[in-house]
Each structure stands twice: as structure tokens, then as C-alpha cells.
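The values are calculated or read from the model by the stated rules, or taken from the named source; none is laboratory data. In this text, all values refer to a predicted model and were calculated from it rather than measured experimentally. Quick reminder, even Gly has a Cβ in these numbers, built from the backbone with ideal geometry, and neighbours come from all protein chains shown.
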Amino acid sequence: MEYLLVILGAICILVGVIGSILPGLPGPPLSYLGLLLIHWTRFAQFSLKMLLIWAIIILIVSVLDYVVPIWGTKKFGGTRAGVRGSTIGLIVGVILLPMMGIVLGPFGLLGILGGPFIGALIGERSAGQDSQKAMRAAFGSFIGFLAGTFMKIAVSVVLAFYFFAALIRAVLN
């Protein structure tokens, strides 16, 4: 049973790191679940204080992931249409490009990075913003998206480090 928890934990950690980049997968919460799964085995024992602190960090990062792109868009003069467009652009970029057979390479990167920008630009233009304001708001949305993504990646990678360090330590002892 313990080995099953470790395998499930490793899957959660890996999917959590991937989910920090792709929309629709709650990256940091999945990574935290992976940490909890290994904690419930003999391979790793984390303190209750550490687990609670990480739970709070996960909650804060999850909330900020939604707030930062909105803040970035508004800071650069955008509207809710720009935020919605940014989200739709990301989803379209991540889902449609792989369906068209473009999984890796510059077009895959374009979908992940360019989708939010192009979506925000289209959203702002459809809301009646002139092209200069729309471009500025799209840039703000893009910066907010990148900031949220980097926060999620950082948290998930640190949790992956704790997971695999504890596993390696247990195996070597």
C-alpha cells in the first residue's frame, strides 16, 4: 500500500509541475497532494508546521493566480474583456495547437505564451478600446499571466524537491 501511495504521490508531483503551466490543472494543489501522500508513508515524515505553512502558501498562490492577471490588465488600463480574452487565448493556444499536430516547437510555445496576449488584445478591441490601449492592456494581462505562472512553477518545483529528496533519503538509508 505504501508503494502505491508513493507512486500516486510522484504522479501528483509531476502532473502538478505540468499543471503549473497548462490551464485546467491545479498545479500547486496537486503537488501538495503528492507531498501529503508520501508523508502518509514511512518514506517521509514532515512536521505539521511545515505542512500547514505549505497549505497556506498553496492557498495564497491559488488565489493570486486569479488576481494577478486581473491586476496586470487593470494596471495597464484594461477591462474585464481583456482578462476574459487572455484566459480564452490561453485555452485556445494550449488545446487547438496540439489538436492541429503542433505540440512542440515554437508554435507550442506560441500557444502558451502568445495565446493570453492575443486573447487579451482581441478582448480589448471587441470592448471598443483603441489599438494602443488594447495593446497596453494585453501586455499587462500577459505580464500578469507570466507572474502567476512563475509563482505556481516555483511552488510546485519546491514541493517536488521536498518529495524526491525525502524519497531518495529514505531509499539510501
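With a requirement of 1 or more residues that are modelled with pLDDT under 85 and of a type in the set (S, T, N, Q), the helices (runs of 4 or more DSSP H) lying completely within segment 64-173 that satisfy it span 80-99, 131-172.
One line per residue, one yes/no per condition, for (1) free of Cβ contacts under 8 Å to residues at least 12 places away in the same chain; (2) surrounded by fewer than 23 Cβ atoms within 10 Å (Cβ to Cβ):
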| position | (1), (2) |
| --- | --- |
| Pro116 | no, no |
| Gly123 | no, no |
| Gln132 | yes, yes |
| Met135 | no, yes |
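I'm trying to understand the selection: among the residues of segment 41-53, which are surrounded by 14 or more Cβ atoms within 10 Å (Cβ to Cβ) and either in contact with an Asp or Glu (Cβ under 8 Å, 6 or more places away or on another chain) or over 26 Å from Asn173 (Cβ atoms) (or both)? Once the filter is applied, which keeps residues that are surrounded by 14 or more Cβ atoms within 10 Å (Cβ to Cβ) and either in contact with an Asp or Glu (Cβ under 8 Å, 6 or more places away or on another chain) or over 26 Å from Asn173 (Cβ atoms) (or both), segment 41-53 yields Thr41, Phe43. Residue pairs whose Cβ atoms lie under 6 Å apart, separated by 6 or more positions or on different chains, with the first residue in segment 27-54 and farther than 13 Å from Leu167 by Cα and the second surrounded by 19 or more Cβ atoms within 10 Å (Cβ to Cβ) and among the charged types (D, E, K, R), are Gly27/Lys152; Pro28/Lys152. Between Ile13, Ile56, Ile38, the distinction of being surrounded by fewer than 15 Cβ atoms within 10 Å (Cβ to Cβ) and modelled with pLDDT of 95 or more belongs to Ile56 only. Looking at segment 31-49, is at least one residue in contact with a Cys (Cβ under 8 Å, 6 or more places away or on another chain), small (Gly, Ala, Ser) and over 21 Å from Leu113 (Cα atoms)? Yes, segment 31-49 contains a residue that is in contact with a Cys (Cβ under 8 Å, 6 or more places away or on another chain), small (Gly, Ala, Ser) and over 21 Å from Leu113 (Cα atoms).
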